[in-house]
Structure formats: C-alpha cells, structure tokens
Amino acid sequence: MRMPLFNPPTTGTWFKDKEHWSRPISGSFGSIYTRALTDGLKVSAAEYGEIEIWDFAVVANVPYGSPSWLGVAADRTDDIDAQLQEGNPRVAAAIARSESIWEERPWRTELQHWDTHWKPALADGNRALQAVDPASLDDEMLAAHLELAARHLYRAMYCHHALNNSCHVPVGDFLSRGSRLVDGTPLQLINLLKGTATVSAGARRELALVGNAIAQNATATAILEGGENGARTLEILQNLDAELSDAVAQYVDAIGWRPLSGYDVTDPTANEVPEVILSSIQNMLQSTYLEETTPAVKDELRKLRQTVSPKARSEFDALLSEAHLVYRLRDERTFYGDGWATGLLRRALRAAGRRLADRGQLSNPEHIFDLTVEEVATLTVYRAGPTRHDVTARANNRQRITVDEAPDRLGPEMTFPILDWLPASAQRLHDAIQETNLHMFAAKADTADNAHRIQGLAASPGDYVGTARIVSAPEDLKRVLPGDVIVAPTTSPAYNIVLPIIGAIVTDRGGLLSHAAIVSREQHIPAVVSTGEATRRLKDGALVRVNGHEGWVEEVLVTLNLA
C-alpha cells in the first residue's frame, strides 16, 4: 500500500504529536482542533511570557506541531540562543512578563475566572446542545446545529489550551523546586496532590447515587445479576422507581455523550456502548474505591516534610499550596468543556451521516467524519460539495496508515535552544514548563526489559493480576470486562467512563503526570506507564501481573495440574 505524501505545511520544522494521538485524526475534528490548539496556546504563552511559540497542522491525517521563537526567523534553525539574545524588544517584553508572574500568580485569577465564567458557560452550552435531538431536525436546522456544535467545540478547546500554563506552571514549579528541597522521588511529590483532582475519577458522585438507589431496591439487584444485555437492562432500571430512574438518568446524562477512548469525533460515546455504562454500575456495587485519601496523603506529607530543612519548609509549603490549588484544572477543562463537546459534535455528525447515506451522497454513514463541518452543512442543505467517491477516498486514506508509520519530523533538523542565559525568574518559568512536560510525556523507561517482564514507570502503587485487554481502537472498549487490565498506547480523559470497572492500567507512552497516571492514583488502581511496547508484547486475553510499586508488567504462566 502506497504511503501518503507528508510535506511540511510551511517553512520550519514540524514534529509529529505521538504523545496524544495513536490513530490518524479525522477531517471533521482536525479542522477545528488545530485552530483552537494554536490560538489557545498562543494566548497562554503571551500571558506567561513564553518565548517559544507553537503552530499546529494536520498532514495526511496526522497532527504535527512546529516550534518558533520570538524574534527568530522560521527558516533559521541554527544557533537560536544567539538570535534570542540580539536585543529584540518582543523577547525583552516576554522575559519581563515571565519574571513578573511569580509575584502576580496569574493562575489564581484564571482559576477563579474558570470557576465563575468559563466552566459554567461551557457546561451550559453542552447541556443546551445535548437537549436537542439532531435526527429530528430538518436539513437547514441540522446544518445550523452542526455549525453551533462546531463553534462550541472550538471555544471549549480554545479555553482548554489558553489555560495550559495555569494548569502546568504551578505543578511543574513544585516538582522542579520542591525536588531540590526534599529527600524524595518525583512520584512521592506527585502523590501529595492525590485527592485534589476528584473530577479525574469521572462522574463518581452520579455513579454513587445509582449505587445507593440500587442497594435499596432488591428487584434492581436481581436484574443486574440476571445477565441481560446493557441497553435492555438500563431501560429496565430507568423504569423501576422514581429514585432509581432519576439516579440512572443523572449518570447517563453526565457521561453518555462523551467519547470512550480518545479525543476525536470518530471515537464512540458511552451511549453507543451501553454495556460499558452497565458494567460501571455493576462494578460500583462491589467497589472498594476509597473516597477519603486525606489521611494517607497527610501522613506522606508529614514524612517528606521532615526531610526538608527547617529554613526551607515555608517555601516547600507555598509551592505545594499553589500546586494543590490548580491541580484539578487540568482534567476539569476536558470534563466540562471539550471532551463533552466532542461527543455532542459526533452525535450531530452521525445524524447527518445517516441522512446523507440514505440519499446516496455518502457510501457509508461513517464517512461523514472525513468531511469538514462546513462541507457537511453544504451537502445537507444544498446537496453540493465533494462526491461520495471523493469522500470514500478520504476515508480510505485516513484508515490506511497508523500514526506510528508517519514520519516523526517534517522539514529540516532543528537544535532546540538551551536558554541557560535567561534571568533567574524567567529560567524558573522555563524549568517549570520543562518539568511538567517531562512527567507528562516521559520516554521509554531506562531500565532494561527481560524476556518475560516489561519495565516501565511506576505511576500508581499496587500489585494486580487480571486479564490483559489491548485497547488500540475505539471498538476494543466493547470487549473490556470488569477486572480487566487496560493495555493501551496512551489514554485520554475519555477513558474515565470505563475506569470504574478495570483493575489496572498499562500504557506504552506517558509519564507520571500523564492521564493514565493521574486517574489511576485517583481510582486507587495500579498503573505502569512508559513501557514502550506493552501493546505489542502482551497478548490480548492473557493473564498478566501489574506491579505498580516497581513499574513492571509480565504475563502470568498458568500451570495445569492434570493429576
């Protein structure tokens, strides 16, 4: 099969985003995503005085990013440090801004604005879109609804990335400076943040309400043990009594239209896989999830704090306080904003896809995702635009390669600047961002694997034996059963819906601040990240042992005693 052409979209050097994406990106999502990501990150960079700026583009359905630096020409990739020190006023202004943030602490203002404005506005917008059944709309209304959903998703993603530094700088600063003050590992420091990002554990409150209602209803308990299929059982539960019906409805409303396994509109939502919703409810009844983590965290803090010199304890406490304050913001942006909005755009696109396929304008309803929203609206209302053969070709192109097969770099080689000449306060910002990125996107662990054991990073403690379920595509989540070990290239906040039913997480990529690491700690399940090749070496359905204390996973050899 011939590879598509991967040409740099502009001058400069472009790097593949393999940390977030394991599958090619769709046309519907990519056209929104790259604009919102670029626009939002530039706002965040300006607010904090970053001199490194990123642009993003999709090339042959694979996302790429290109770095540039204030005052440095895009085609100059040599000796960037020297160019940055030539006295450009934009560089001087950015450095002055980065030096001021430590006294001003802009993350506090932005967190307050998130709580009082952005979060409620995004949630209200999602609820308004969710209240509309796209399939019931006529052509013009459906086109308008699609465009509204696309604009809302852009706003949610823009907001998500405009808040990036407010999420990451205080946490990175705590890890960077705190590690110099305390005798402890990065994981021990990160564990002090456990319990402050409850949204990372998903819709726990709504799920607990369902569990409480079922516990008081013997009929519901018997139905759950009866083995009916997911959709039918959910329907029965919602019609048993008012309390249970209301609790199930609240839970389904909270998670039903969110993608299950990724960031794209090609990923199915929970409502499309009712078995996952039902399994979450069933598992809640036997859950050993510990809502209260404060005593353990306080004990760990007491032990670590004793290793800090008395003169430095107030500094350590201040760093931890700021990290505590913003830690929840990272996953809240997805939960209330773009994760939810992505699922709602998928819902509207699927309604349009079925309609266009019925008319013969598409060969397959799922090909709708290979059109931009503007193209879908034009095809729906005016019946003009790409032919079904053109769209089929796009779909085939998207599905013919994986992200791993695409080139890691487009354009010339680049040597990143060292930036060791920055003033101390500006260097502190750079160190904080670098520290966060290190623990979000850690490379393969250094420790060597052996023939049976795959080494990674210990991200959440515990020792667990369960069935490995390789999740490399959205449809794989339909096979996940309670107690399984999810083995994936990486995870996203979309996985929060299935987390209540699994026993452990193993990923190829990601560090101690990756999504998989954060949610496993909040869920109190073992996790090993940054294994490099667990999805390739482990067999789907094999019995595996996950050691979250030492950071390894291995297949368990089962010996049959036939005597």
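The values are calculated or read from the model by the stated rules, or taken from the named source; none is laboratory data. As the structure is a prediction and not an experimental result, all values here were calculated from the model. Counting neighbours? That spans all protein chains shown, and the Cβs are built from the backbone with ideal geometry, glycine included. The area values use the complete protein model at the heavy-atom level, side chains included, leaving out ligands, DNA and RNA. Shrake-Rupley method; radii C 1.70, N 1.55, O 1.52, S 1.80 Å.
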Which condition number in (1) modelled with pLDDT of 95 or more; (2) crowded, with 19+ Cβ neighbours inside 10 Å is the one that TRP102 fails?
(2)
Exclusive hit being in contact (Cβ under 8 Å) with a residue 60 or more places away in the chain and closer than 30 Å to GLY40 by Cβ, set LEU189, LEU181:
LEU189
Given region 477-563, what strands (runs of 3 or more DSSP E) lie entirely inside it while holding 1 or more residues that are modelled with pLDDT of 85 or more and open to solvent by 10 Å² or more (accessible area, probe 1.4 Å)?
543-547, 552-555
Residues of region 382-405 classified as open to solvent by less than 70 Å² (accessible area, probe 1.4 Å), part of a helix (DSSP H, G or I) and either under 11 Å from HIS367 (Cβ atoms) or not polar (S, T, N, Q) (or both), total:
6
Of the residues in region 258-305, those that are open to solvent by 60 Å² or more (accessible area, probe 1.4 Å), at pLDDT 85 or above and within 25 Å of the chain's Cα centre (by Cα) come to TYR263
Quick one: what pairs do we get from region 4-19, first residue closer than 18 Å to THR415 by Cα, second among the β-branched types (Val, Ile, Thr) and not in a loop (DSSP other than H, G, I, E, B), C-beta under 8 Å, 6+ apart or different chains?
PRO8/VAL59; TRP14/VAL59; LYS16/VAL62; LYS16/VAL403
When every residue in region 464-476 that is of a type outside the set (Ser, Thr, Tyr) and in a loop (DSSP other than H, G, I, E, B) is compared, the one surrounded by the most Cβ atoms within 10 Å (Cβ to Cβ) is VAL471
So in region 184-238, with the set limited to residues that are among the charged types (D, E, K, R) and more than 22 Å from ASN271 (Cβ to Cβ), which one is surrounded by the fewest Cβ atoms within 10 Å (Cβ to Cβ)?
GLU225
State which residue pairs qualify: first residue touching a residue at least 40 places away in the same chain (Cβ under 8 Å) and β-branched (Val, Ile, Thr) and inside region 362-375, second residue in a loop (DSSP other than H, G, I, E, B) and buried (at least 16 other Cβ atoms within 10 Å of the Cβ) in any location, beta carbons under 8 Å apart, and separation of 6 or more residues or different chains.
ILE368/LEU362
Is there a residue in region 164-177 that is under 16 Å from PHE335 (Cα atoms), open to solvent by 10 Å² or more (accessible area, probe 1.4 Å) and touching a helix residue (DSSP H, G or I) at 6+ places or on another chain (Cβ under 8 Å)?
yes
Which condition does GLU374 not pass, out of (1) over 29 Å from GLN523 (Cα atoms); (2) acidic (Asp, Glu); (3) open to solvent by less than 50 Å² (accessible area, probe 1.4 Å), if it passes all the others?
(3)
Counting just the residues of region 1-44 that are of a type outside the set (D, E, K, R), closer than 18 Å to ASN165 by Cβ and within 19 Å of the chain's Cα centre (by Cα), which one comes out modelled with the lowest pLDDT?
HIS20
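Rundown of residues vs (1) within 19 Å of THR334 (Cα to Cα); (2) touching a strand residue (DSSP E or B) at 6+ places or on another chain (Cβ under 6 Å); (3) in a helix (DSSP H, G or I), yes/no style:
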site: THR196; (1), (2), (3): yes, no, no
site: SER200; (1), (2), (3): yes, no, yes
site: ARG205; (1), (2), (3): yes, no, yes
site: ALA208; (1), (2), (3): no, no, yes
site: ASN212; (1), (2), (3): no, no, yes
site: THR221; (1), (2), (3): no, no, yes
site: GLY226; (1), (2), (3): no, no, no
site: ARG232; (1), (2), (3): no, no, yes
Just one of the numbered conditions (1) closer than 30 Å to THR185 by Cβ; (2) open to solvent by 10 Å² or more (accessible area, probe 1.4 Å); (3) assigned to a loop (DSSP other than H, G, I, E, B) is not true of VAL308; which one?
(2)
Let me spell it out: the conditions are (1) surrounded by 15 or more Cβ atoms within 10 Å (Cβ to Cβ); (2) more than 28 Å from ASN496 (Cα to Cα); (3) not small (Gly, Ala, Ser), and GLU322 meets all of them except one. Which number is the exception?
(2)
So which residues in region 1-49 are touching a Lys or Arg at 6+ places or on another chain (Cβ under 9 Å), open to solvent by 70 Å² or more (accessible area, probe 1.4 Å) and within 30 Å of SER100 (Cβ to Cβ)?
ALA46
What pairs come out if I take residues in region 237-261 that are more than 22 Å from ARG479 (Cα to Cα) and pair them with residues that are modelled with pLDDT under 90 and of a type in the set (Asp, Glu) whose C-beta lies under 6 Å away, six or more apart or interchain?
GLN250/GLU206; ALA254/GLU206
